[in-house]
1. I'd like the residue in the stretch A:494-512 that is touching a helix residue (DSSP H, G or I) at 6+ places or on another chain (Cβ under 6 Å) and open to solvent by 40 Å² or more (accessible area, probe 1.4 Å) and, out of all such residues, is nearest to A:TYR262 (Cα to Cα).
2. In this structure, does B:LEU429 turn out to be surrounded by 15 or more Cβ atoms within 10 Å (Cβ to Cβ), within 24 Å of B:ALA246 (Cβ to Cβ) and more than 12 Å from chain A (Cβ to nearest Cβ)?
3. Can you pull out the residues in the stretch B:122-161 that are at pLDDT 90 or above and open to solvent by 30 Å² or more (accessible area, probe 1.4 Å)?
4. Please count how many residues of the stretch B:29-45 are within 26 Å of B:ILE86 (Cβ to Cβ) and polar (S, T, N, Q).
5. Quick one: how many residues across the stretch A:8-42 are open to solvent by less than 50 Å² (accessible area, probe 1.4 Å) and modelled with pLDDT of 85 or more?
6. Would you be able to tell me the number of residues in the stretch B:444-455 that are open to solvent by 60 Å² or more (accessible area, probe 1.4 Å) and in contact with a helix residue (DSSP H, G or I) (Cβ under 6 Å, 6 or more places away or on another chain)?
7. With the checklist (1) within 30 Å of B:ILE190 (Cβ to Cβ); (2) open to solvent by 30 Å² or more (accessible area, probe 1.4 Å); (3) part of a helix (DSSP H, G or I) in hand, flag the one item B:ASP63 doesn't pass.
8. Every residue in the stretch A:514-532 that is outside any helix (DSSP H, G or I) and open to solvent by 40 Å² or more (accessible area, probe 1.4 Å), please.
Amino acid sequence: MDLAWMLPAIVVVPLLSAAIVGYFRNTWSKTTVSWVACGSVAAAFAMVVALAVQYWGAAAAEPIRSGLTSWGSLASLGLVADGLSLWWALVVTGAGLLIHIYSTAYMREDESYGRFMAKLNFFIFAMSLLVLSDNFIGLAIGWGCVGLASYMLIGFYFTKPAAQNAAIKAFVMNIAGEAGLFAGIAFIYANFGSFKFDEVFGAIAQGQGVAALNLIGILLLIGAVAKSAQLPLHTWLPYAMEGPTPVSALIHAATMVTAGVYLVSRAYPIYEVASGAAMTVAWVGGLGALFGALVAAGQFDIKRVLAFSTLSQIGYMFLANGLGAYVAADFHFFTHAFFKACLFLAAGIVVHHYNGDQDIRHMGGLWYRDKFAGLTFGAAALALIGLPPFAGFFSKDEILLAAFSQGQWALFTIAVLAAGMTAFYNVRLFSLVFLGDAYVAPVRQVGKKRSRKQAEAAGADAQAHAHAHETPAAMKWPVAILAVLSVVSGWLFFGHVQLTALAPSFPTLDLHAEAINPVVAGLSVAVALVGGLISWYLYRPEGARRAVELNPLHKPGILYNMFYVDTLYDFLFVRPAKETAQFIGQLFDPRGIDGVVNGLGALARELGGVLRRWQNGLVRSYALTVFAGVVLVVAYYVFYV
Amino acid sequence: MPVDLNFTIAAPLLALAAGALLILLLDLLFKYETIQGPMYVAAIGAVLVAGWYLVPLWQGAADPSGFAGMLVMDRFAAVYGGVLLIAALLAILLSIGRAREDQSGYLALLLWAAMGMVLLGGAGNLMVIFLGIELLSLALYVMIAFAPRRMAAREAAFKYFILGSVAAAFLIFGFALIYGATGTMSIAGIAEAARSFTSEGAWAVGLYYKVGVGLAIVGLAFKMALVPFHIWAPDVYQGAPTPVTAYMSIGTKAAAFAAMARLLVAAVPEAYQPSFLLPLSILAFASMMLGASAGIWQSDLKRLMAYSGIANAGYLIMAIPGLGLDGLSAAAYYLGAYGFATMGIFAVVRILEADGVDGSQIANLKGLFYRQPWVGVCLALLFFGLAGIPPAGGFVGKFLLAIAAVRGQAWIVLAGLILSTGISAYVYLKVIGTAFTRTKEAPQPEEGAEPHAPTRTAAQVVLVIAAVGTLVMGVLPGPVSELVRVALAGM
């Protein structure tokens, strides 16, 4: 049976649904909106499953292709279902469906519920387009659209200025990355005369255009690093947690931020040849894995802990990609999508218990009130730590093994250390949230006295904490399913299964399933246990460090401040720009019109002041500018040989 | 010299000129109240007739050259002429509902400006380039001042006039030097002469020629508003009436770019273009950076669009270093996408003006989405077009330009594209954010201003055309890019 028609349908159905739900968001009842929005994603998921059955069921895995639109003779944009794209599309639509269902309960009380579901549908469209495209342009369009969806959803609570700033920060960083991606694609076209994966990779296989591949690899990496929040463009991700929790789960944990991993896997022939670019990928990933795990240990916002954990886990995937273990990277993406989505959704339940307060210092003892949240969160956390038989163990093991068997000792050490830190921050997080005594809001805050009204409000909060919220079934089921997948998806898909599934997409590689290496597995489990035990010693209910951090007088350190990278960027880029502007301002304005300069702190206005004085409305100074330009241009040609 | 009249290729120009004369005649013969509508119909009709005559040229005329080589209405000219006529059409629609004044003069000037622009695309001689520049400039000087009660408009016109005269002086001086070096005014002749300047196998040109080409670049860069010759643009864009701002932002840019491309293709052998045209790349880089970052602190939408236009002039120059088919078709495509986006945004300004609100204040856009949802959505789409975000046409255009720049190995402009795209995305998103901010207060109309329904309807039509155009060019770029490409492949 020819199922090729399903490919465009997978992309178009969620888009149509987004448009319809968006249009009827205020006229339809919330139930209707839920059915349409979830139904479209369910239909997309069903079609992906049907394609997967056909593709993997056939004896010889023949990619299923379909057209989409055309750019004339320049390019035709098509879709393809092969091992890699189906593997990703399954997660995108599958996890997407679960999170849609979760959102029907989680977001139901929001007055903009319809708007939320429409945007979530739009995201499914964009991400499906990204992973199903058979060419770089389609990928880039999907890439841009997921960025747009991310922007809209981070800023969903548009009355919160923090959310707006976070959305703009994320979008601008992504656009900068996109520019790198586009430049890379432009180079690909200039070298190979095509945008199609098959044609470009075919040309590379024949040894064409090898000279430019390192540059292309680095440019694509810039896009991947920005999208996947890797060092040094990671600063947007913690702020992106301003968005609703399902968004954090779907976009900023399971799927969109992993798009960089997909890009490198998809473009593997480039990185196979471009060894310099590949090593850069590996090091970016390795350092990110350790950095994220370290910073996660110092955060107090439950979602920020998870955000840095995501940064760290995607670092592992980049590491695997850079070492040529693409299947391991995609496998880790697969298991990570489940356990990290599970963690976020369970965190959503946790945050519901605390009326939206995300500070883990204000939690504690939740296990005794909500075993469901504790169990699911715990299972996913164990998968994240990577203890057997949980999912993360199998996928992380493959990555460590790749570094081990290639003799990349520095990267191997970093990755193992990061595994130890992963256990450390997970135990800390679990203990602070679920164990110990429930937090009681202090009546007096240190440093300033609170009014009686505030104190009463705090008391009411504490009472609200005291009785557990009932979690709706629509929230419980997706979390439960994801928790089960966090437990079983590792050994179910380990070894031959993922290899058979993905190998057709890596035709030039000699892939064979490797058994678990007792040295690597033993070492990583041992290090994780050590990290976990140290953390347990410090953060158990009567632990010393726990008491320190829960003390309101405690001053958070370097980890909480994310290694001061944000501060550094401020120091390196924002402040000098400001001061240069001021300097130039004084240069251009010797009399020093203080009124203009003083009090204009912001960079934009400083620079604006300078330009305003330049753009002063006087024709004679304009003419001078023009004349200066003429002199420069003419000077070039006078001295041009 | 034998008389070489070729009315087939001159027909689009003649249609525009005749339309202008007809409008003046109508005004003379009939009463103002009765003739106002027919004058607009006549203007639109003239543009459509010109477009009708352009179609066979698009398919490739048997003999595109005429008037002793003065006019070369080849496919290149037809493609750019098409972009310019669409801009003229939308500008006429935006002009509907102007205050009672000399409407016939205004429309006639608009058509003559269009004629000058189309002429620039088809110039086969340096004198014709100059003629086209002056025709469009003189018409625009007057049109900018066409707002009787606004001093700002007069000031803008005067500034543009003075600075434009300076630029024209440089242009004509450059032409004189080129003539001195080559002994010909004909562009085909210059191409021939330029390639004969060789010594020991390498291209070697004299001082006059080099400086001449440099000054010609300056003169055309002024019209395109490239840094540092952009200096007039913010004041003039802000001061001019909205339809005129819209028209000149796309029209002047497209026409000057067409003339520049035609001149430089002829004047510089391919192999030497990257090094010889380095100043242009630097100007483009500076334009992108200044245009993008100066937008950050603008509170006036028209000024913002002026800076956006400066940045976009820089993007267009990306096509120059590798002046091949790729570059020229990418530039034409980008001009189309940019034109739709710009026209649409000015249509939004016009829609606000129709309610008596000062539409050029960005603050007045606040809450637009909640008052007029479709206008808000279109505005977002059009700014996406400017920022180069899918699904808008600007995305495809920037992509094509980036490819052309890579082919031409223009690393400077490519870096500029990457940097400025990030900055300008921030600028545009802030404007979109303003339109999507919920507010209870509607902007206050200016004193003495009254709502005007025809203006609103016409502006809405333009907005819809622009939004659909942007979307089609972004989602289904095939047909349009193919039209452009096939047409230019014949060159």
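The values are calculated or read from the model by the stated rules, or taken from the named source; none is laboratory data. Predicted, not measured: the structure shown is a model, and the values here were computed from it. Cβ sites come from the backbone with ideal geometry, for glycine too, and all protein chains shown count toward neighbours. The accessibility values were calculated without ligands, DNA or RNA, using every heavy atom of the protein model including side chains. Shrake-Rupley method; radii C 1.70, N 1.55, O 1.52, S 1.80 Å.
1. Among them, the one singled out is A:PRO504.
2. Numbers: surrounded by 15 or more Cβ atoms within 10 Å (Cβ to Cβ): yes; within 24 Å of B:ALA246 (Cβ to Cβ): yes; more than 12 Å from chain A (Cβ to nearest Cβ): no.
Against the criterion (surrounded by 15 or more Cβ atoms within 10 Å (Cβ to Cβ), within 24 Å of B:ALA246 (Cβ to Cβ) and more than 12 Å from chain A (Cβ to nearest Cβ)), B:LEU429 does not qualify.
3. Matches in the stretch B:122-161: B:MET127, B:PHE130, B:LEU131, B:GLU134, B:LEU135, B:LEU138, B:VAL142, B:PHE161.
4. Matching residues across the stretch B:29-45 total 1.
5. Count: 18.
6. Keep residues of the stretch B:444-455 that are open to solvent by 60 Å² or more (accessible area, probe 1.4 Å), which gives B:444-448, B:450-452, B:454.
With in contact with a helix residue (DSSP H, G or I) (Cβ under 6 Å, 6 or more places away or on another chain) added as a condition, the list becomes B:452.
So the answer is 1.
7. Among (1) within 30 Å of B:ILE190 (Cβ to Cβ); (2) open to solvent by 30 Å² or more (accessible area, probe 1.4 Å); (3) part of a helix (DSSP H, G or I), B:ASP63 violates only (3).
8. First pass over the stretch A:514-532, keeping only residues outside any helix (DSSP H, G or I): A:514-517.
Matches in the stretch A:514-532: A:GLU514, A:ALA515, A:ILE516.
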